[in-house]
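Take a look at the structure set out below.
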Amino acid sequence: MTLDTSALMTEAIREGEKARFHAPPNPWVGAVVVRDGVIIATGHTQVPGESHAEVEALRHAGELARGATMVVTLEPCCHVGRTGPCVEALIEAGIIRVIVGSLDPDPRVAGRGVVALRDAGVAVEVGVEIEAVRTQLAAYLWHRVTGRPYVVLKVAATLDGVVAMADGSSQWITSEDARRDAHLLRAQSQAILVGANTVRLDNPALTARLGDVTLEPLRVVLGHAPEGAKVHPCLEREGDLGAVLDELGEHDILQVLVEGGATVASAFLEAGLVNHVVWYAAPAFAGSLSGRGALARLSTPGIDALHRARFTDVRRVGEDVRMDLEV
């Protein structure tokens, strides 16, 4: 029977998304077990120290895994970390074919998982729906390749790009729906970074509120947060932004959400350190003379220096528009 590997990988991607909030610093992987063309089990990465996606799917499949196919978004690991190697679990379970979305660039894996499976007589196919998988795992892959967190810049502005009025007020430019959506961005990030001026003006808590659940990513302040600010406890840093990212990467921060004002946002873009921009545009106008531009400190001396990006998604969020851009 010919398997629709693309459809099966899409299902594995959906399964992996269930682990997005709790898996880091591990990748949020999804896996499905297929027998006679039918999905018999699924699994996704558990919290660090517990089962990886492959082991979860095998556990749900039980003895039916013997002679079956595993479809998994990321190359199975072949090293001992917090858990045992997934490659060994697949071989012992009797899986005869493994379909992989993307290789894992982690130097402890980096193709070795595929080689180990093939050496054991398991048929392996790599690269099914690879772009969709890499998009889902972008933060993890970037961290493993560069050692730095994936940088997402979030902006909430009027349609003409203003983030604060002449008197400094900014709450609220965007709708409640957009703010709720931004809390999902926070929950997907292991750190949130702002400038000290934002802390002084807005006194944000920088938590991720998902209904009745409140998550607390690492709070990072460029400069010094006033005593008693809601952002405490936080990491206060000054100096080179690249060095700050290096430090965060060493602490297994896969994704950092930059929510700073115009100075911080401009500095990250100017330094070429932004991977992704999420821009919420409200159907309102403020005017450049009366408001503070979202990127007022960004320098563009000529058209050749224009900071260009590529739209990856544009959609309505309540009354506002969310634009996702890859830089």
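Excluding residue 294 itself, calculate the net charge of residues whose Cβ lies under 11 Å from the Cβ of residue 294, where each Lys or Arg counts +1 and each Asp or Glu counts -1. Don't jump to the answer; show the numbers that get you there.
Working: positive: 154, 292, 297; negative: 160.
Computed value for this residue: +2.
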- Report which label in [x] -0.36, -0.82, -1.25; [y] -0.52, -0.94, -1.18; [z] -0.43, -0.86, -1.16 holds the value of log10 I(q)/I(0) by the Debye sum over Cα atoms at q = 0.08, 0.12, 0.15 Å⁻¹ derived from the coordinates of this structure. [z]
- Note on the structure: Connecting every pair of Cα atoms under 10 Å apart in the chain and solving the GNM, the largest mean-square fluctuation among 54, 216, 15 falls on 216
- Descending packing, highest mean Cβ count within 10 Å first, for 113-125, 294-306 is 113-125, 294-306
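Could you check how much of the accessible area of the chain is carbon and sulfur, as a whole percent, using a 1.4 Å probe?
Values: 7960 of 15430 Å².
It is 52 percent, rounded to a whole number.
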- Message: Could you give each residue of the range 230-236 its phi-based ³J(HN,Hα) in whole Hz, using Karplus coefficients 6.51, -1.76, 1.60 with θ = phi - 60°, and x for Gly or Pro?
- Response: 4, 6, 5, x, 9, 9, 9
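Could you tell me what percent of the DSSP beta bridges with both partners in the range 1-102 are antiparallel, to the nearest 5? Provide the component values of the computation, followed by the final result.
Details: 10 of 15 bridges.
Given both bridge residues lie in the range 1-102, the antiparallel proportion sits at roughly 65 percent.
Would you mind working out the magnitude of the charge dipole of the range 1-52 relative to its Cα centre, with +1 at each Lys and Arg C-beta and -1 at each Asp and Glu C-beta, to the nearest 20 Debye? Each step should come with its number before you reach the end.
Working: 4 positive and 6 negative charges, 23 e Å.
I would put it at about 120 debye.
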- Once Lys and Arg are counted +1 and Asp and Glu -1 for all other residues with Cβ under 12 Å from that of residue 269, the total becomes +1
- Task: Take the alpha carbon atoms of the range 126-162, find their center, do the same for the range 37-89, and report the distance between the two centers in whole angstrom.
- Result: 25
- Restricting the count to DSSP beta bridges whose residues both fall in the range 219-327, what percent are antiparallel, rounded to a multiple of 5? 80
- Message: Please compute the per residue accessible area over the range 98-215 with all protein chains in place, 1.4 Å probe, rounded to a whole number of Å².
- Response: 44
- Task: Starting from the amide H of residue 30, placed 1.01 Å from N in the peptide plane, find each other amide H under 5 Å away whose residue is 5 or more places distant or on another chain.
- Result: 16, 73, 74
- Enumerate the amide H contacts of residue 40 below 5 Å, restricted to partners 5 or more residues apart or on another chain; note that Pro and chain-start residues carry no placed amide H. 33, 34, 35
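Provide the percentage of antiparallel DSSP beta bridges, counting only those with both residues in the chain; round to the nearest 5.
Numbers: 29 of 60 bridges.
Among the beta bridges of the chain, antiparallel pairing accounts for roughly 50 percent.
Give me the extension gain from residue 313 to residue 243: residue separation times 0.36 nm, minus the current Cα-Cα distance, reported in nm with one decimal. Walk me through the numbers on the way to the answer.
Values: separation 70, 0.36 × 70 = 25.20 nm, distance 3.06 nm.
Net length gain for the segment: 22.1 nm.
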- Item | Around residue 55: net Lys/Arg minus Asp/Glu count, Cβ-Cβ under 11 Å | -4
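The values are calculated or read from the model by the stated rules, or taken from the named source; none is laboratory data. None of these values were measured; they are calculated from a predicted model. When we count neighbours, we look across all protein chains shown, and the Cβ atoms used for this are built from the backbone with ideal geometry, even at glycine. With ligands, DNA and RNA removed, areas are computed over all heavy atoms of the protein, side chains included. Shrake-Rupley method; radii C 1.70, N 1.55, O 1.52, S 1.80 Å.
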